[in-house]
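Values quoted throughout were computed directly from the atomic coordinates according to the rules given, and no laboratory measurement underlies them. The structure displayed is predicted, hence computed values, not measured ones. Ideal geometry is used to build each Cβ from the backbone, glycine not excepted, and the neighbour counts take in all protein chains shown.
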Amino acid sequence: MGLDEIIAARHSIREYQSKEVKHELLCEILDSAKQAPSSGNVQNWAFIVVTDKKKMSRLAKASLDQDWITTAPVLIIVCYSDKSIKTLFPKKYIEFSLQNTTIASVYIMLKAVSLGLGTCWIDIEKKEDVANCLKLPNHIIPSHLITIGYPKGPYKRTSRNEISIVTYFEEYGKRTKSFSPFPLDKTIRKIKKKITR
């Protein structure tokens, strides 16, 4: 699978097979996260892998009571440490930490797709409940969780807005008539045809 195919194949999956996700695959997925960029290269993320159904149930309740979460064979709770980053960026450490965990999570989700797995990003509403459930020390803050597993049956693909609708040049609301790379997919197809000739 090429990168474009992986990106196109990533969708939020909320129904999973009961099939186990092998430990080796999880390690491969998590290893990809370390390649993510982070503020000041602080790499202040922490990942808690959960497969225990009782813990999953508690985590689902803390995440807007989404019981379907427990059907996933694996949860990855994405957290950040506020220790070193607090010293580096005392005013922006929370914002930067959320950015760091977000980028690492995208790496996790795309790697999972490349291995034939599905994922879904879930917000954590009750962070204190999650911290208690996972016995997190005070400096480790839960950000969100990711469900991982093999998708169950076909899933409905959601539509996406055309990139030209949300892209401007030099300032908001400004579009240029003299140069427009849209639609990009047609341009890419033309280039690929030329390359393969």
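Could you compute the FRET efficiency for Leu88 and Thr167, with r as their C-beta to C-beta distance and R0 at 35 Å, rounded to 0.05?
So, using R0 = 35 Å, E works out to roughly 0.60.
Taking 0.36 nm per residue of separation and subtracting the Cα-Cα distance, what length does fully extending Lys156 through Leu64 add?
30.9 nm
Can you give me the relative contact order of the chain as a percent, contacts being Cα pairs under 8 Å and 6 or more apart?
Working: 285 pairs, mean separation 55.0, N = 197.
28 percent.
By how many degrees, between 0 and 90 and to the nearest 10, does the Cα long axis of helix 23-33 differ from the longest principal axis of the chain?
60 degrees
So what is Rg over Rh here for segment 75-163, counting just Cα atoms and using Kirkwood for Rh?
1.05
Counting pairs of Cα atoms in segment 114-166, how many percent are more than 17 Å apart?
60 percent
When the Cα centres of segment 1-33 and segment 128-164 are compared, how far apart do they sit, in Å?
For segment 1-33 versus segment 128-164, the Cα centre distance is 13 Å.
Write out the trypsin sites (Lys or Arg not before Pro) in segment 88-161 meeting two conditions: DSSP loop, and at most 13 other Cβ atoms within 10 Å of their Cβ.
When the trypsin sites (Lys or Arg not before Pro) of segment 88-161 are filtered for loop state and at most 13 Cβ neighbours within 10 Å, Lys91, Lys92, Lys135, Lys156, Arg157, Arg160 remain.
For Cα extents along the principal axes in Å, one of (i) 57, 46, 29; (ii) 49, 43, 27; (iii) 84, 35, 34 was computed from the structure I shared and the rest are decoys. Which label?
Evaluating Cα extents along the principal axes in Å on these atoms matches (i).
With 32 Å as the limit, write out which pairs from Lys92/Lys156; Lys152/Lys174; Lys55/Lys152; Lys34/Lys127 have Cα-Cα distances beyond it, or answer none. All intermediate terms of the calculation are to be shown ahead of the outcome.
Details: Lys92/Lys156 38 Å; Lys152/Lys174 43 Å; Lys55/Lys152 22 Å; Lys34/Lys127 24 Å.
Flagged as over cut-off: Lys92/Lys156; Lys152/Lys174.
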